[in-house]
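Written below as structure tokens is the structure these notes are about.
The values are calculated or read from the model by the stated rules, or taken from the named source; none is laboratory data. Note that the coordinates shown come from a computational prediction; the quantities given were computed from them, not determined experimentally. Glycine also receives a Cβ, built like all others from the backbone with ideal geometry; neighbour counts cover every protein chain displayed.
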Amino acid sequence: MSIGAVVTALRDYLGLLGGKTLARLAATAILSLLASGATVGLLALSGGLIASCAIAGSATVFSVYAPSGGVRTFALTRILARYGERLSAHAISLEWLIRLRRRLFVDLAALPVAAQRRFASGELLDRAMADGDAVVEALPGAVLPLAANAVTVAVSTTVVAAINPLAATLLAAGAAVIVAMETHVSRRQRRLAADVARSRGAARAQLIAATVAANELVSLGAIAEVRTTVAGRIASAAVKRTAADRFDRWAAAAISVAQAATILVVVVAVLMTPEISLPRATLLLLMTIATVDLFADTHRQLRQLTGSAAAATRLALAAPAKGENRPAPSNAGTAGVRIDMPATGISAHPGETVIVQGRSGSGKSTLLQRISDRSDDILLDGQPSHELPARAVVLVAADEPLFCGTVAENLRLGDSDLDDAEMRRLLGDAGLGELTPDTAVGQGGRAMSGGEVRRLAVLRALVARPRLLLLDEPTEGLDASTAQRMLGLIREELPHATVIAAIHDRHRSHLAGAAHRVVEVG
């Protein structure tokens, strides 16, 4: 990946850094440069001091105070600057990660419901979170150390050139060779890592599919064949992992040889200069060693940088296209909206409840998803539906999930300021008085009955105060009295909102008198 591609990929996410964070970033860059420079200076000056002390007996005058003071200064600067750099870098990463995750969830909320459901299993969401973590490591884990090391190498080479131009030329040439090798290693490691990830993913997918279909495979007598196939994929992934590890070892050895060769040729150049003093020769040698050592992690930093850019590209692909972004989540008032769907003849006004009724497979859920997805042929308040703020329209799907946690944590996804007293009131009004805000819902709501899960999902939507509430099978798992109680609670809590509920034919009796109009589909 070229430098231009890296910059392009990270540019949008760099814009999330605020002014205070940018100032902290500049301070971190300075601290990183001081730490790298002090590391080289400490080794070079201490070596020169030791060599000077070795020959001090033959000198008329020798002062240890100035060089020893320099050694102490470099040592303290290295420790304090490195500590400050890491502290500041972690603060930047955390702040950037908070802003990036907020941006990510806003982007996900702006996606159509059908696209959002791709994240329901958690696998894509986990990958998106991992990509976000990779993006924020670009600056502290790659850009800052690479920039600091580049400046330090330039300064070190200049100092060496002032003492021995030939040694400086050889040091610069060796550094260029090492950087070229590190760049090649980084690219090769990235390709190998991608191959390993694909192989592991294929093996994992095959294993999961075989586990899910285990009973069918046994009945068909195909379990042995599938076991062989899965074992082959696992073995293939292991072979690629071994090849990647072998390349890492050989690459590390080759880079070490290049570093040693650079140091050796500089030593030869210094030894070929007879007029140079022992302290200066020692200083040059140790400065060369410290400078070359700065390249030890260059391939890792380059891999981190390109990996962060690739992660940013994946996140950008998951976000809505430019020009199609919807406004940031906002309720923008509590009044309902007028909805018009000329193609279906459905219309509703603020404060009305419309029941969409039909048998299974008649298209009720599809209709609600079209409204939630803001299709172009749907008008809200006479305007294209996509112009309405995102959270003004809330859909409670038939399989609406609850997150593993407590009742309070789930309800506060709808309203982060909801207090415990208000929760208890809502739970009691919904016939869930036996639950408390601290009640655990279990993984996906498994600690509760289907009816309790449905009512909690509806309550979570209610506290978000949408202007248009879409309910898919809200009475599923509820008896007639409880269903009517829930619909009454919806109208009580959202008296001005527009409510559209999709109901199966068999639940028609649950809604007697609850709707302003009933629309038959299918």
Q) Of the residues that make up the range 403-412, is at least one of a type in the set (Lys, Arg), part of a loop (DSSP other than H, G, I, E, B), at pLDDT 65 or above and crowded, with 18+ Cβ neighbours inside 10 Å? A) yes
Q: For the range 440-471, name all the residues that are basic (Lys, Arg) and assigned to a helix (DSSP H, G or I).
A: ARG454, ARG455, ARG460
Q.
Looking at the range 277-299, can you tell me whether even one residue there is within 20 Å of LEU43 (Cβ to Cβ), at pLDDT below 80 and assigned to a loop (DSSP other than H, G, I, E, B)?
A. yes
(Q) If a residue counts only when it is under 21 Å from ALA44 (Cα atoms), in contact (Cβ under 8 Å) with a residue 12 or more places away in the chain and in the same structural domain as VAL40 (by TED's automatic domain parsing), which helices (runs of 4 or more DSSP H) contained entirely in the range 133-220 have at least 3 such residues? (A) 144-163
Q: For VAL270, state whether it is at pLDDT 80 or above, touching a Leu at 6+ places or on another chain (Cβ under 6 Å) and of a type outside the set (Asp, Glu).
A: yes
**Q.** Output for the range 403-442, where each listed residue is closer than 17 Å to THR475 by Cα and free of Cβ contacts under 8 Å to residues at least 60 places away in the same chain
**A.** LEU427, ALA430, GLY431, LEU432
Q. Pick from THR291, THR228: which is more than 32 Å from the chain's Cα centre (by Cα) and within 30 Å of SER52 (Cα to Cα)?
A. THR291
